[in-house]
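Down below is the structure, laid out as structure tokens.
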Amino acid sequence: MSHRNARLTVHGRRLLIQRVLSGRPVAHVAAEMGISRPTAYKWLRRWRAEGEAGLHDRPSRPHTTPHRTTPHRTTPDVEAQVCRLRTSRKLGPARIGPILGLPASTVHRILTRHGLHRLAWLDRPTGRPIRRYERDRPGELLHIDVKKLGRIPDGGGWRIHGRDQRSHDRTHTLGFDYIHSAVDDHTRLAYSEVHPDEKAATCAAFLRRAAAHFAGLGITRIERVLTDNAWSYRKATAWRQALADLGATGKHTRAYRPQTNGKVERFNRTLLDEWAYVRPYRSNHERTLALQDFLHTYNHHRCHTALGGHPPITRVNNPAGQYS
């Protein structure tokens, strides 16, 4: 099939050749057929070189594509400099490019090849890529952390009344709530409670209730519990006794490395965005009551990107295939 804007079909090209071969000037034949002289000479030249096959359309793709057959690749030394600037100074493509005389797009491709294009994937102090992991079975590892949250006065705080209505007396505060949270590494199932402190006895009692909660969802045994290095988790007898009662082993994150406990740290951010700050509350009690609804939604209905868009409960229990 000829191009939709072509003046000549294959039949018209044959007619062109016949008229030229009859002895008529090429220019006259071209004018009669409404084409230019270069076009007429092109088809005449193709017919002489290839015969009848030369009168058919050719593919529009180029004969050679040098950038595909012999791609230009940045030298290893330059790539090493890009990676060094990324890991040591945490610079982005727009700043690395001018330093090395490279386009920002080239720098981005280099960073992507080496898995350095997302700063969130790098450990801030060392610049090394964070090693991500996931335990093989429910209950193999439980992440626990505490988030401190300011209490809300009765009638609502500044989110309802505006910042101008806040008390200027900084010495009079309502104190803080301590949100204790536990997240199962394999399933991402979460459990949280609001407490007035983070003392050892409170932490130990929370661990026992969290284990009972997960047992009700099908995780019958907790093997290891990962926490930060707070005194309540490291030295307290109550905490060690709670671990012993559950038959679990306690583990601690490295100092200044919260990424080790990243799953519960990430859950804390979701907790703030989708529960604590999702709407203005008129009292601290109202916010506390809303926690259970959030947890049910998070565990049973909210899609999780790390789980292929399914809620955490699907990794423990999916009797009717209703979440697939």
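Of all the numbered requirements in (1) more than 20 Å from PRO196 (Cα to Cα); (2) modelled with pLDDT of 90 or more, TRP275 misses one, and that requirement is (1). Out of everything in region 212-252 that is without any contact (Cβ under 8 Å) to a residue 60 or more places away in the chain and among the aliphatic types (A, V, I, L, M), what residue ends up being farthest from PRO312 (Cα to Cα)? Taking the candidates together, the pick is ALA236. The set of residues in region 300-318 that are in contact with a Lys or Arg (Cβ under 7 Å, 6 or more places away or on another chain) and free of Cβ contacts under 8 Å to residues at least 60 places away in the same chain contains only PRO311. Answer yes or no as to whether ARG19 is touching a Phe, Trp or Tyr at 6+ places or on another chain (Cβ under 7 Å) and assigned to a helix (DSSP H, G or I). So ARG19 fails the test. Among the residues of region 97-135 satisfying the criterion of being charged (D, E, K, R) and at pLDDT 85 or above, which is surrounded by the most Cβ atoms within 10 Å (Cβ to Cβ)? Only one residue tops the list, namely ARG109. Scanning region 175-215 for residues that are within 20 Å of ARG135 (Cβ to Cβ), outside any loop (DSSP other than H, G, I, E, B) and of a type outside the set (D, E, K, R) yields SER181, ALA182, VAL183, ALA190, TYR191, LEU207, ALA210, ALA211, HIS213, PHE214, ALA215. Among the residues of region 132-152, the one identified as outside any loop (DSSP other than H, G, I, E, B), closer than 19 Å to LEU174 by Cα and touching a Gly at 6+ places or on another chain (Cβ under 9 Å) is GLY150.
Residue-wise test of (1) over 26 Å from the mean Cα position of the chain (by Cα); (2) exposed (fewer than 12 other Cβ atoms within 10 Å of the Cβ); (3) in contact (Cβ under 8 Å) with a residue 60 or more places away in the chain.
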{"residue": "ARG254", "(1), (2), (3)": "no, yes, no"}
{"residue": "ASN261", "(1), (2), (3)": "no, no, yes"}
{"residue": "ASP273", "(1), (2), (3)": "no, yes, no"}
{"residue": "PHE294", "(1), (2), (3)": "no, no, no"}
{"residue": "TYR298", "(1), (2), (3)": "no, no, yes"}
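Just to verify a result, which residue in region 184-226, among those that are of a type in the set (Ser, Thr, Tyr) and at pLDDT 95 or above, is nearest to THR305 (Cα to Cα)? Once the filter is applied, the top-ranked residue is TYR191. Tallying residues that are of a type in the set (Lys, Arg) and over 19 Å from PHE206 (Cβ atoms) within region 220-278 yields 4.
The values are calculated or read from the model by the stated rules, or taken from the named source; none is laboratory data. Quantities reported herein were computed from a predicted structural model and do not represent experimental measurements. All Cβ positions, even for glycine, are placed from backbone atoms using ideal geometry, and neighbour counts span all protein chains on display.
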